[in-house]
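The values are calculated or read from the model by the stated rules, or taken from the named source; none is laboratory data. Note that the structure is predicted; figures quoted are calculated from it, not measured. So basically every Cβ, Gly included, is an ideal-geometry build from the backbone, and we count neighbours across all protein chains shown.
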Amino acid sequence: MIWSHIEQQIRQQADPGFRLQHKEHLPGGCIDETWKISGNSSEWFVKTSTAGGALTYFQREAEGLRALAEAGLNTPEVIGYDEHEGTAWLLLTYVDMGGGQGCQAALGQQLAQAHRHTATRFGWHADNRIGATPQHNGWMDDWLDFWRERRLLPQLQWLQRRAPELRLLARAEPLLHNLETFFPGYQPQPSLLHGDLWSGNAACGRDGQPVVFDPACYYGDRETDLAMTELFGGFSSDFYQAYQQVWPLDAGYRQRKPLYNFYHILNHANLFGGGYGMQAAKLLENLLRQL
């Protein structure tokens, strides 16, 4: 059983007097099991997984959370991660996310400020995952090369194996070879990104402060984070207005937004199948018409 080990980790890293008294399995964890645990003096959030490589992915997630926190975003605090008898876990502070929508402006401001944290190249020091999909992050100097080689091409290759009838890999070749069409006069900076910023990975705490979690961090064009916030909705006009006040977006963002969200639709097609494959095909046709 892992719970005695988690209890010991809490005592060593955060709360010497902690005694585990209750654990609650939380809904919504489609990749990992998620839990709220509590004791005589504190509450904690735990992710667990028996999947191969889970401990490495939890380590990458912890590194991403810490990087975002250092850049000024509110995140759950990482207490630790470990593995016992084939079950890995990630231990975080528990955040009560029942604060409604009142922190959207603060979230927009914090995100823009976090994007000001930059690197000299595009990528990350290690690969991580987006959802359950491996995400390749090897450093590259050129953003278009990175988006082609590290983002779109792997997803297209995986989808070719999953749904060969769509022929998206072959159909996407003109797009892959002409990405510069979407970047007239625009050269992105390598900004620190959340990487998987949809409304399910951001919330307002009961203390009124925004919090983000489940990152897939790397350094890339900040527009990719903004594009994903628009993909599934859930972010208010206050969020976008506050972001723009801190760091206005380039005029060409609207043209690039579908290109950036193509990556996430491909990922959903690989993860979930269903209608996402056809959605990816339609989006590809729209992108090809812009060439």
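Data for the structure
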| quantity | calculated |
| --- | --- |
| In segment 120-162, the residues that are more than 17 Å from residue 222 (Cα to Cα), at pLDDT 95 or above and part of a loop (DSSP other than H, G, I, E, B) | 125, 126, 127, 136, 138 |
| Residue check for residue 241: surrounded by 15 or more Cβ atoms within 10 Å (Cβ to Cβ) and either touching a residue at least 60 places away in the same chain (Cβ under 8 Å) or part of a loop (DSSP other than H, G, I, E, B) (or both) | no |
| Output for segment 153-187, where each listed residue is closer than 22 Å to residue 121 by Cβ and surrounded by fewer than 20 Cβ atoms within 10 Å (Cβ to Cβ) | 153, 154, 176, 179, 180, 183, 185, 186, 187 |
| Subset of segment 193-238 (residues that are part of a helix (DSSP H, G or I) and either touching a strand residue (DSSP E or B) at 6+ places or on another chain (Cβ under 7 Å) or of a type in the set (Asp, Glu) (or both)) | 201, 223, 224, 225, 230, 238 |
| Residues of segment 60-75 classified as assigned to a helix (DSSP H, G or I) and crowded, with 17+ Cβ neighbours inside 10 Å, total | 8 |
| All positions within segment 5-43 that are within 14 Å of residue 89 (Cβ to Cβ) and more than 30 Å from the chain's Cα centre (by Cα) | 20 |
| Condition met for residue 7 (out of contact with any helix residue (DSSP H, G or I) (no Cβ under 7 Å at 6 or more places or on another chain), assigned to a strand (DSSP E or B), charged (D, E, K, R) and more than 27 Å from residue 268 (Cα to Cα)) | no |
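Table: residues versus (1) surrounded by fewer than 15 Cβ atoms within 10 Å (Cβ to Cβ); (2) closer than 29 Å to residue 200 by Cβ; (3) of a type in the set (Gly, Ala, Ser).
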site: 13; (1), (2), (3): yes, yes, no
site: 22; (1), (2), (3): yes, yes, no
site: 32; (1), (2), (3): no, yes, no
site: 38; (1), (2), (3): no, yes, yes
site: 41; (1), (2), (3): yes, no, yes
